[in-house]
1. Please arrange M139, M165 by how many other C-beta atoms lie within 10 Å of their C-beta, fewest to most.
2. Arranged by the count of other C-beta atoms within 10 angstrom, fewest first, what order do T25, T123 take?
3. Taking neighbour counts of Cβ atoms within 10 Å as a proxy for exposure, in what order, fewest first, do F83, F167, F69 appear?
4. How would segment 67-171 be classified by its alpha-carbon gyration tensor: rounded, prolate or oblate, with rounded meaning a/c under 1.5 and the a/b versus b/c comparison settling the rest?
5. For the pair T25 and Q59, what calculated FRET efficiency results from E = 1/(1 + (r/R0)^6), where r is the Cβ-Cβ distance and R0 = 45 Å, to the nearest 0.05?
6. Report the trypsin sites (Lys or Arg not before Pro) located in segment 21-78 that are in a DSSP loop and have at most 15 other Cβ atoms inside 10 Å of their Cβ, or state none.
7. Report the local net charge at L122: Lys and Arg +1, Asp and Glu -1, summed over other residues whose C-beta lies under 14 Å from its C-beta.
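Values in this text are rule-based calculations from the coordinates and carry no lab data. Source: prediction; values computed, not measured. Virtual Cβ from ideal backbone geometry, glycine too; neighbours counted across all protein chains shown.
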Amino acid sequence: MALLHKSHPETAQTEGPGPAHARSTRNWKRTLILAAVAVVLLVASYFILGAFIPRWWSQRIGSAVHGSFSTGTILGLCIGFTFTLVPLFVLTLALRPRTHWKARVAWLVLALVLAAPNLATLTVVAGDGSGAHAGQRTMDVNAPAFRGASLAGLIVALAGYLLLMYFILRRRPGRRGRPKDSADVPHSA
């Protein structure tokens with residue numbers, strides 16, 4: 001009788017703490033507390049970094065430019081171009097088909113890290129807090145032309161990336177609208 005009981009498929013699935021049982025018991029109280037702590041930490045870091053990053057970044061750029069219009073232009077073009085184009089190529093790697101979700105997350109994090117200089121400039125330009133206003137004043141005096149040149153470098157990099165992706169995707173085999181070669185046309189005998 002015991003032999004029949006063990007071989008019966010219905011009772012084997014419901015007995016004991018198996019994988020299905022482990023998935024159904026989740027400590028929701030602990031999960032909610034951890035989620036609330038994470039949200040509080042994110043909001044606190046947003047306000048702390050919102051005051052710190054624009055001031056710090058504008059002082060770093062100001063000390064590199066030293067009030068020179070030409071240095072501000074060259075540095076802005078280089079930073080805007082480089083830290084737009086490289087993260088876009090990393091994002092392209094993240095969005096490839098058949099990429100595991102963990103690899104996608106890693107590529108996305110890497111793209112954000114590589115875009116950090118442009119994001120820091122954005123906090124100065126588009127921010128409305130006291131840190132952003134202090135950063136704007138610092139860049140006006142110590143880094144003239146940096147913000148505009150950084151935007152120009154960003155636009156050039158974005159346009160170049162989109163143009164390159166257009167040509168790459170256009171030449172990919174199997175795409176609609178691509179003219180057929182004479183080798184692609186079947187010959188009748």
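1. Arranged by neighbour count, lowest to highest, M139, M165 become M165, M139.
2. Working: T25 8, T123 21.
With the fewest neighbours first, T25, T123 line up as T25, T123.
3. Working: F83 22, F167 10, F69 13.
The fewest-first ordering by Cβ neighbours comes to F167, F69, F83.
4. Details: a/c = 3.37, a/b = 1.74, b/c = 1.93.
The shape class here is oblate.
5. On the way: r = 53 Å, r/R0 = 1.17.
FRET efficiency, Q59 to T25: 0.30.
6. Details: sites: R23, R26, K29, R30, R55, R60; in loops: R26.
Hits after loop and neighbour filter: R26.
7. On the way: positive: R147; negative: D128.
My count for the surroundings of L122 gives 0.
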